[in-house]
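Enquirer: Okay, handing you the structure first.
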Amino acid sequence: MLLPDEILGSVPLSTVDQIQNLILDSADFEDFLNELARFSAHQVAGAGDDALCGITLLRDRKAATIGWSSDSAREVDEIQYRLSQGPCLTAAQEEREVYVPDLFDEDRWGPDYASAVASHGLRSVLSVPFHLQGEAQAALNLYSDVPHKFDGDVAARARGYTREISQALRLAVRFSLHTDSATNLRATLESRTVIDMAIGIVMAQNRCNQEAAVKILTDASSNGNVKLRDIATSLVQSVGGTKSRTHFEEPGRRAVG
C-alpha cells in the first residue's frame, strides 16, 4: 500500500493532512480504520521497522478492536477482551499510557494475559490513549516481537501521534454513529457476543472459571486450526439451535418495554 505522502512524492504532508486523505480515499468507516491502523504502525515504529497495531474503542461498556493492521493484531487485542483486562483496556479506561517492556517479565494482569500474547511471538506492548472528549474511549495498541521496542523515542512518537490524530478519530467515530457504516461496529460487537456466550457455556458444562473456559476454547481453536469465532458460533448453535443475536439500544432511542 502507498501511504499518502508517498503518493504525492516530493510534497510533504502533515500527519493530519495524511489522515484526512485516508478518510477521503477509504470506501467506508471500517476501511478507514484499518488503513489508519496500518498507517499508525508505520508512523510510530519508524521507517524500516515493523509493529502490529490495533485501535480499541470502548463504548456503552463494550470493547472492540475497530481497526487493525493485520489479523494477528486483532487476535492479540481480543485476548484482553476475553480476559476483561490488559494494557489497551487500562489505557482506554483510565486515559493513560501503559507500557509492557517485556511480556516475559509481566504480571500486572495475571499470568494468563502475558503468556497468551507471548505465545504469538510477541515481547513488548505499548498502549496510548486517544482523547475523544466524551465521544467514546479509545487507545492505540502497538505490539512488537522485540523486547523494549517502545522505549524512549518510539514512545514519545506514539504520544505525539495520538494527540495529533485524536480529533480526526473523534470526528470519524461521531460520523460513523450517524451513518450506515455504524453496522461495521455492530458486527464487531456481535462477534464478541458469541464468544462471550461460548465462554459461559463452557463454564457451565465444565464447572470452571472464566479463565479456564477461555483456555479450553483457545486450545480448541489452536489445535483445530479454526478461528475462535467459528468455534464459538458452532458451540452456541449446538446448544441453542439458532444463531446468537446482540441486543442493544440504538443511539438516540429508548428501549421499549
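Enquirer: Any idea how many residues of segment 175-211 are part of a helix (DSSP H, G or I) and at pLDDT below 75?
Expert: 13
Enquirer: How many residues does segment 142-174 contain that are hydrophobic (A, V, I, L, M, F, W, C), without any contact (Cβ under 8 Å) to a residue 40 or more places away in the chain and open to solvent by less than 60 Å² (accessible area, probe 1.4 Å)?
Expert: 1
Enquirer: Which residue, of 159, 123, is of a type in the set (Lys, Arg), at pLDDT 90 or above and touching a helix residue (DSSP H, G or I) at 6+ places or on another chain (Cβ under 8 Å)?
Expert: Just a single option satisfies the conditions, and that option is 123.
Enquirer: Here's something else I'd like to know. When you look at residue 106, is it within 23 Å of residue 195 (Cα to Cα), open to solvent by 20 Å² or more (accessible area, probe 1.4 Å) and among the charged types (D, E, K, R), yes or no?
Expert: no
Enquirer: Just name the residue that is modelled with the highest pLDDT out of those in segment 25-48 that are open to solvent by 80 Å² or more (accessible area, probe 1.4 Å) and over 14 Å from residue 165 (Cβ atoms).
Expert: Residue satisfying both the conditions and the ranking: 25.
Enquirer: If I ask for residues that are under 15 Å from the mean Cα position of the chain (by Cα) and of a type in the set (Phe, Trp, Tyr), which ones from segment 114-165 would you list?
Expert: 130, 143
Enquirer: Right, here's the next one. Evaluate the following for residue 22: is it buried (at least 17 other Cβ atoms within 10 Å of the Cβ), assigned to a helix (DSSP H, G or I) and without any contact (Cβ under 8 Å) to a residue 24 or more places away in the chain?
Expert: The answer is yes for residue 22.
The values are calculated or read from the model by the stated rules, or taken from the named source; none is laboratory data. Keep in mind that what you see is a predicted model, and the values were worked out from it rather than measured. Quick reminder, even Gly has a Cβ in these numbers, built from the backbone with ideal geometry, and neighbours come from all protein chains shown. Areas reflect the complete protein model, heavy atoms only, side chains present, ligands, DNA and RNA absent. Shrake-Rupley method; radii C 1.70, N 1.55, O 1.52, S 1.80 Å.
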